[in-house]
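Reading through the structure tokens given below for one structure.
The values are calculated or read from the model by the stated rules, or taken from the named source; none is laboratory data. Computed from a predicted structure; not experimentally measured. Counting neighbours? That spans all protein chains shown, and the Cβs are built from the backbone with ideal geometry, glycine included.
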Amino acid sequence: MALVSAPFTVIDTARGIVPRAFDRAGQGTNDPAIAARLARLQAAAKGRDAEGILRLALEEEFAGHTAVVSSFGAESAVLLHMIAQIDPTTPVIFLNTGKLFGETLRYRDRLQDLLGLTDLRAIGPHPDDRAARDPEGTLWSRDTDACCNFRKVLPLKRALEGFSAQITGRKRFQTNARHEMLPVEYFEGRFRFNPLAEWSLADLEAYIVKHNLPRHPLVEDGYPSIGCMPCTRRVLSGESYRDGRWAGLDKDECGIHTGVDGEGI
Ligand code: SF4
């Protein structure tokens with residue numbers, strides 16, 4: 001698999017390009033009780049490896065109240081495999097935007113079967129939103145932020161209601177805005193665990209090989225990061241890992257504040 005390095009996004013406050021809200025740590029921690037709980041969880045996560053952080057999210061005070069959001073993209077098998085080893089009944093929320101590659105849908109089915117995930121929940125945009133905002137299905141070509149908002153952000157917000165914690169597959173190496181990301185954060189009413197925060201592409205590759213996990217079929221076809229079909233292209237020689245996402249736009253996240261982007265959607 002040919003993976004390329006230096007996947008950094010340019011943050012230029014002079015041009016108004018700043019970390020998206022999704023990547024700003026500490027959102028919502030003005031409440032002293034939440035801040036204290038966050039500090040305690042961050043201390044508990046210190047020194048733990050990815051599995052240890054997952055156990056903190058799944059087995060202790062959040063047991064039964066934690067969901068993982070997965071894109072079933074290029075790197076998703078790693079996190080899903082770890083979760084399946086701990087508790088295959090963990091709710092896995094899969095966002096079907098209606099614009100995904102067929103390969104992603106088939107990969108989802110394959111991983112679910114292989115890993116024995118028993119609570120996979122496919123969600124999508126509300127039909128009323130689709131009718132009102134994108135009846136032709138071409139909004140992505142005019143306004144990607146508006147398209148991502150009704151196809152991703154709003155459905156995920158609805159799906160995460162009722163969960164007090166969330167697991168993401170975000171990694172620090174993915175964008176500039178994530179360089180300081182901590183293993184535990186608080187954002188928009190719930191705690192967020194990032195067990196792979198410190199992992200590199202080489203770590204992910206080693207895990208996939210060690211556990212003989214199937215790869216997303218598009219990875220070997222030149223797509224190291226995979227999202228919706230209209231907004232994802234192959235990376236070219238010399239390009240970085242996420243250059244195939246929203247190519248040509250000042251956009252490297254879908255704006256989801258709820259945890260799937262960077263995993264692939
Ligand atoms: S990634 Fe593209 S097609 Fe998918 S929701 Fe965002 S703008 Fe729409």
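Observations, loosely collected:
- Number of positions in the stretch 128-143 that are surrounded by 11 or more Cβ atoms within 10 Å (Cβ to Cβ), charged (D, E, K, R) and at pLDDT 95 or above: 4
- Flag for Ala44 being touching a Pro at 6+ places or on another chain (Cβ under 6 Å), surrounded by 13 or more Cβ atoms within 10 Å (Cβ to Cβ) and modelled with pLDDT of 95 or more: no
- Picking from residues in the stretch 144-168 that are away from the ligand (no atom under 16 Å from the Cβ) and either among the hydrophobic types (A, V, I, L, M, F, W, C) or farther than 24 Å from Leu38 by Cα (or both), the one that is surrounded by the fewest Cβ atoms within 10 Å (Cβ to Cβ) is Phe163.
- Any helices (runs of 4 or more DSSP H) falling wholly within the stretch 112-178 and containing at least 1 residues that are without any contact (Cβ under 8 Å) to a residue 12 or more places away in the chain: 127-133
- No other residue among Leu196, Leu213, Leu204, Leu236 is outside any loop (DSSP other than H, G, I, E, B), more than 16 Å from the ligand (Cβ to nearest atom) and either aliphatic (A, V, I, L, M) or modelled with pLDDT under 85 (or both) apart from Leu204.
- Taking the criterion of being out of contact with any helix residue (DSSP H, G or I) (no Cβ under 9 Å at 6 or more places or on another chain) and within 11 Å of the ligand (Cβ to nearest atom), the only residue of the stretch 103-142 that qualifies is Arg142.
- All conditions in (1) more than 14 Å from the ligand (Cβ to nearest atom); (2) at pLDDT 95 or above; (3) among the hydroxyl-bearing types (Ser, Thr, Tyr) hold for Thr97, with the sole exception of (1).
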